[in-house]
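No value in this document is a laboratory result; all are computed from the given coordinates. In this text, all values refer to a predicted model and were calculated from it rather than measured experimentally. Here the Cβ positions follow ideal geometry from the backbone for every residue, glycine too, while neighbour counts run over all protein chains shown.
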Amino acid sequence: MHASPQGCQSLNMSWIREGELNLIEKLSANILKAGPMPKHVAFIMDGNRRYARKRQVERQEGHTQGFDKLAETLRWCLNLSIHEVTVYAFSIENFKRSKDEVDGLMELAKQKFIRLLEEQENLEKHGVCIRVLGDLTLLPLDLQQHIARAVVATRTHNKCFLNVCFAYTSRHEIANAVREMAWGVEQGLIKSSDVSEALLSRCLYSSNSPNPDLLIRTSGEVRLSDFLLWQTSHSCLVFQSVLWPEYSFWNLCDAILQYQLNHRPLQKARDQHREGQALQQHEADRACVADLLQHHRNGKPLDAQRRQEALLNYTASREERVQDFLGALQHKRDSFLTDLTSQAALA
């Protein structure tokens, strides 16, 4: 079946839409911005297929309209001074859908990343950095290459950030982070005693981003569907009944208002968790130092000052090991993308 004229137009749609808010939207935005605003918002963009059934159009048209809504939502976020957005674009679970639908989604993604490469000037103007979070090796090679080129082309931009979760589930991400730490131990970059909750967080695909302040899911579903499970433990979760392609500026404002109403307890929980992590790390360092002293001094006690010095030295050496490991991990990930871009250039 041929794509509708609206669908054909959508295939050329920009990732970033130009345009200001209208007067009523500006007034509402200014009122919202008088309160605490989320800096990072995550979206589970659900409802594309139901939208297609509702409109009696092809399923692929629903996905295309969903992408266009993302471009519009990014414009609203920029106007609301929300400078980081993470979206759930394609779950690893989605590979279980029909071959025709999966092939259509892969083709749509390819078209959009090609389009992104064509509008680098616009992305540079707005300072948009595109990151793709997920297991790219599960994707067709040509799509991997287009994604790598887009990520590499925008990696130095730093005004706003769009994180696209593609071939992603949270459990896959956490398992991968564990494998990365095991690799670090095998390589002698870190010790097994360096492994911690905080280090696992820094090995996630999302390690370059702060955790989301607000997570929004559309279409009336009230589950996270394996999305950012680790990162959203202290985020405001908002579930809205609207289908994603019908999402409006006012739906976004409603979600932000719910975040503002819950901001204080959320912030308190975040602060307590951060303090708890720091205390846990301090206790772990003390236990490691105690073991080392017990081993090297045959049980002979040290005075308090020397124990404190030993603790400070151990903490400094652990932090140095961790930084070296994280640098090596980032280099490994950067090299994977660079190799893909080189392959694309030779193709």
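Quickly work out the E58-to-A304 label distance, labels modelled 7 Å from Cα along the C-beta direction, and quote it in nm with one decimal.
7.6
Angle check, please: helix 249-261 long axis (alpha carbons) against the longest principal axis of the chain (alpha carbons), in degrees 0 to 90, nearest 10.
So the helix axis and the longest Cα principal axis differ by about 30 degrees.
To make sure I understand the rule: partners must be lysines, Cα under 29 Å from the Cα of K191, and not fewer than 8 residues away in the same chain. Which ones qualify?
Within the straight-line limit of under 29 Å, K191 reaches these lysines: K300, K332.
Pairwise over distinct Cα atoms, reciprocal of the mean inverse distance: report the Kirkwood radius of the stretch 21-106 in Å, one decimal place.
Kirkwood radius, the stretch 21-106: 14.9 Å.
Name the long-range amide H neighbours of V132: under 5 Å, sequence gap of 5 or more, or other chain; modelled H, no Pro or chain starts.
V164
With loop defined by DSSP as not H, G, I, E or B, and exposure as at most 16 other Cβ atoms within 10 Å, which is the longest segment of the chain clear of exposed trypsin sites (Lys or Arg not before Pro)?
In the chain, the maximal stretch lacking such sites is 224-296.
Would you mind checking the tilt of helix 141-154 against the longest principal axis of the Cα atoms of the chain, expressed as 0 to 90 degrees and rounded to 10?
70
Where does helix 304-346 land angle-wise versus the long Cα axis of the chain, in degrees 0 to 90, nearest 10?
So the helix axis and the longest Cα principal axis differ by about 30 degrees.
Which lysines, if any, have their Cα less than 27 Å from the Cα of K39, not counting same-chain residues under 8 positions apart?
K26, K69, K112, K125, K159, K268
For N313, project a label point 7 Å along Cα to C-beta. Then give me every residue of the stretch 276-296 with its amide nitrogen under 20 Å of that point.
Within reach of a label on N313, which here means backbone N under 20 Å from a point 7 Å along Cα→Cβ, the stretch 276-296 contributes 282-296.
What distance in nm separates the two pseudo spin-label positions at S225 and S241, each 7 Å out from Cα along the beta-carbon direction?
1.9
For the stretch 35-276, with only Lys/Arg (+1) and Asp/Glu (-1) charged at the beta-carbon, what is the dipole magnitude about the Cα centre, in debye rounded to 20?
It works out to roughly 340 debye.
Provide the descending list of Cα extents for the stretch 232-295 along its principal axes, expressed in whole angstroms.
Sorted largest first, the three principal extents are 65, 24, 14 Å.
Between L23, L162, L141, where does the largest GNM mean-square fluctuation fall for the chain, given springs only between Cα atoms within less than 10 Å?
Result for the chain, Cα springs under 10 Å: L23 fluctuates most.
Among V238, C165, Q187, flag the residue with its Cα farthest along the positive direction of the charge dipole of the stretch 144-244, charges on Cβ as +1 for Lys/Arg and -1 for Asp/Glu.
Among V238, C165, Q187, the one farthest towards the positive end of the dipole of the stretch 144-244 is C165.
Cα convex hull of the chain: how many Å³ per residue?
Residue-normalised Cα hull volume stands at 163 Å³.
Given 0.36 nm per residue, what is the gain on full extension from A290 to A344 after removing their alpha carbon distance, in nm?
14.1 nm
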